[in-house]
Amino acid sequence: GYDVGRDADVDGNRLRGMGEIESGGTAVATGGYSIGAVTLSANVTHLFNGSEGTRAELGASVPMPLGPRAALTFYVGTRWADANYAQAYFGVTPQQSAASGFAAYEAGSGFVAWGGMVNGFYALTPKWSAFGRVGAGRLMGDAKDSPTTARSTQVSGLAGFAYAF
């Protein structure tokens, strides 16, 4: 995979002085296990970039068919990060503190976020379908307490169409 890192000019220069986190490749191991209608999932990602860190995600999803052409899927999950990843994305070194004005902050390993989402799917024709997603996530632990964190809750949405060849 690929991780985009962090641009020094991101977020309207709010993180000025924090420097960039170099983008680069990732190695991902993923798996899932179904227990009845519930699917448990896990993945571990190691980043070969500025953080040289590792993160892991654990989640559970449940589908809810709405007929032959439509379905919803509900998902909840959490993310853990090692100290390298947490420090790169949420920590502030003494040098970064001097350049940015943020207080120095040591971010350690632990759970950094949790959240959930609802995915929807509707088959318009045998070849065309519409899909959408709404989700919300919340930072926790050292990520939430970081002086660089502007908002600890994020809401997202996505909508689109797909064509099957």
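The values are calculated or read from the model by the stated rules, or taken from the named source; none is laboratory data. For clarity, every value in this text was computed on a predicted model and none was experimentally measured. Counting neighbours? That spans all protein chains shown, and the Cβs are built from the backbone with ideal geometry, glycine included. Please note that ligands, DNA and RNA were not included when accessible areas were found on the heavy atoms of the full protein model with its side chains. Shrake-Rupley method; radii C 1.70, N 1.55, O 1.52, S 1.80 Å.
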Quiz item: Quick one: which of 132-139, 84-91, 36-43 comes out on top by average Cβ neighbours within 10 Å, and what's the full order, highest first?
Solution: 84-91, 132-139, 36-43
Quiz item: Direction-averaged shadow area of the convex hull around the Cα atoms of the range 5-62, nm²?
Solution: 5.1
Quiz item: Remind me, relative contact order of the range 1-77 in percent, using alpha carbon pairs under 8 angstrom and six or more residues apart?
Solution: 22
Exercise. Calculate the spin-label point distance for Arg69 paired with Arg16, positioning each point 7 Å from the Cα along the beta-carbon direction, and give it in nanometres.
Key: 5.4
Quiz item: Given the Cα-Cα distance of Ala123 and Ser41 and 0.36 nm per residue of separation, how much length would full extension add, in nm?
Solution: 27.0 nm
Self-check item: Spread of Cα-to-Cα distances over 10 Å intervals beginning at zero, given as percent, for the range 83-147
Solution: 20, 30, 19, 15, 12, 4
Quiz item: Label-point separation (nm) for Tyr2 and Ala99, each offset 7 Å from Cα along Cα-to-Cβ?
Solution: 2.5
Exercise. For the range 104-112, just list the computed ³J(HN,Hα) in residue order, Karplus coefficients 6.51, -1.76 and 1.60, θ = phi - 60°, integers in Hz, with x standing in for Gly and Pro.
Key: 4, 8, 9, 9, x, 5, x, 6, 10
Practice problem: Using a 10 Å cut-off on Cβ atoms, rank the peptides 68-77, 54-63 from the highest mean neighbour count down. | Solution: 54-63, 68-77
Exercise. Provide the per-residue ³J(HN,Hα) series for the range 140-145, in order, calculated from phi with Karplus coefficients 6.51, -1.76, 1.60 and θ = phi - 60°, each as a whole number of Hz, with x at glycine and proline positions.
Key: 8, x, 4, 5, 5, 7
Quiz item: Accessible surface of Val28 in the full protein assembly, 1.4 angstrom probe, to the nearest 10 Å²?
Solution: 90
Exercise. Using the Karplus curve 6.51 cos²θ - 1.76 cosθ + 1.60 with θ = phi - 60°, work out ³J(HN,Hα) for each residue of the range 151-165 in order, rounded to whole Hz, and write x for Gly and Pro.
Key: 9, 8, 10, 10, 10, 9, x, 8, 8, x, 10, 10, 10, 8, 8
Quiz item: Rounded, prolate or oblate: which fits the chain, taking a ≥ b ≥ c as square roots of the Cα gyration tensor eigenvalues, rounded meaning a/c under 1.5, else prolate when a/b beats b/c?
Solution: prolate
Self-check item: CD proxy at 222 nm, helix term only [per DSSP H run n ≥ 4: -39500 (n - 2.57); per residue of the chain; nearest 500]
Solution: -3000 deg cm²/dmol
Quiz prompt | the chain, relative contact order [Cα under 8 Å, separation at least 6], % | solution = 16
Quiz prompt | Where the range 16-103 is the region considered: accessible area per residue in Å², 1.4 Å probe | solution = 54
Quiz prompt | Rounded percent of accessible protein surface that carbon and sulfur make up, the range 1-121, 1.4 Å probe | solution = 62
